[in-house]
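Okay, structure first, notes after.
The values are calculated or read from the model by the stated rules, or taken from the named source; none is laboratory data. Just so it is clear, the model here is predicted, and its values are computed rather than measured. Cβ coordinates were reconstructed from backbone atoms using ideal geometry, including for glycine residues, and neighbour counts include every protein chain displayed. Accessible surface is based on the protein model in full, side chains and every heavy atom, while ligands, DNA and RNA are left aside. Shrake-Rupley method; radii C 1.70, N 1.55, O 1.52, S 1.80 Å.
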Amino acid sequence: MSGPSAELATQVVRWQAAHGRNHLPWQNTRDAYRVWLSEIMLQQTQVATVLEYYARFLARFPDVRQLAAAAQDEVLALWSGLGYYSRARNLHRCAQIVVHQHGGEFPRTVDELAALPGIGRSTAGAIAAFCFGARAPILDANVRRVLTRVLGFGADLAEAKNERALWQQAEALLPRQDLSHAMPRYTQGLMDLGAGICLPRNPNCLLCPLQEACVARRDGNPQDYPVRTRKLKRSAQAWWLLLRQDGAGRLWLERRPPTGIWAGLYCPPVYDSRAALDEALQLHASCDARDLPAFTHVLTHRDLHLHPVLARDATPRPDAHCAEQQSGWFASAQWPALGLPAPVRKLLASLGDDCQK
């Protein structure tokens, strides 16, 4: 293998001990539950955002058994604002499987971990390395950037064979001695380099312990790595939200379908046009409808332009509830316990006295 020397792992381990992040709340522990929780939360989410959620989750669910025993709605409610809600649903399912099929103990091998809901190969590798000292590589976005630059790995990662080749090279670079100590340090070190040194733009090469071995630094083209030709294009979508309010100030909320945006969360009825919403208003004999300020919610690859409309329902059924769809009238005191998308939660909170009756 050209490029990095056999000392790469040793350099990363030494650098991490001296300069890496060593005081995050999920570090310095071999508790697989805490490491797993942090790894799931950190998927697609910055550390600064995760810190608050991590502490709140542990306060409510200090171990995997308590998480497994919780209602999914409570898990989703605590997750509200972190996005990628399939992570929360998989988190809950995974906890139940660990309790019911593994006796409350996380399995120790990468293959067994990767078979659990929401745990892919990289997350499984991180848990195995941090908790069990397993010689297992990871390839999250930051580590992929570090290794492709160091190795000068210019093959297109949109092709499965090239992704497999990078995994093989990542495995070849792993420490081979004192794994119980070296693997957690090495794994965290690669994460730290990607997060703070080997940045997507303007990497701080002079501070990197791998600068001498790095092919991209030698060639002066770190911006060319990693290579991935297929990229998702951004799109935009407009949604109209019908905030139906009954005489007691309750709102009609429906659980979203199990797939798609905000899957499984509670939300006001959604319409793809104002005309469709107006039809619904006539159907429900609502009156006093008024438009609230429109706003945009930014998702990873889509902008949602949200148009909320508040309407008093003139003749609602007093205790209408649809058990099959888990829809019904909910008072403001009930909202905190519901799994609501973050923009909907903020929207309902902004209604103020309108819904505090």
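For D73, the requirement of being over 20 Å from the mean Cα position of the chain (by Cα) and either open to solvent by 50 Å² or more (accessible area, probe 1.4 Å) or within 30 Å of L348 (Cβ to Cβ) (or both) is not met. In the stretch 177-223, what count of residues is obtained for those that are of a type in the set (S, T, N, Q), in a loop (DSSP other than H, G, I, E, B) and either under 27 Å from E39 (Cβ atoms) or in contact with a Lys or Arg (Cβ under 7 Å, 6 or more places away or on another chain) (or both)? The qualifying residues number 3. V12 meets each of the listed conditions (1) assigned to a helix (DSSP H, G or I); (2) open to solvent by 60 Å² or more (accessible area, probe 1.4 Å); (3) touching a residue at least 24 places away in the same chain (Cβ under 8 Å) apart from (2).
Listed by position, the helices (runs of 4 or more DSSP H) contained in the stretch 55-136 that have at least 1 residues being among the aliphatic types (A, V, I, L, M) and within 23 Å of W335 (Cβ to Cβ) are 64-69, 72-79, 86-102. Filtered by the rule that a residue be open to solvent by 60 Å² or more (accessible area, probe 1.4 Å) and aliphatic (A, V, I, L, M), the stretch 242-296 gives A275, L283, A294.
Pull up the stretch 76-98, narrow it to residues that are among the basic types (K, R) and under 14 Å from W36 (Cβ atoms), then point me to the one that is surrounded by the most Cβ atoms within 10 Å (Cβ to Cβ).
Among them, the one singled out is R87.
Residue-wise test of (1) at pLDDT below 95; (2) more than 30 Å from D219 (Cα to Cα); (3) among the polar types (S, T, N, Q).
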position: R14; (1), (2), (3): no, no, no
position: A17; (1), (2), (3): no, no, no
position: N22; (1), (2), (3): yes, yes, yes
position: N28; (1), (2), (3): yes, yes, yes
position: A32; (1), (2), (3): no, yes, no
position: A55; (1), (2), (3): no, yes, no
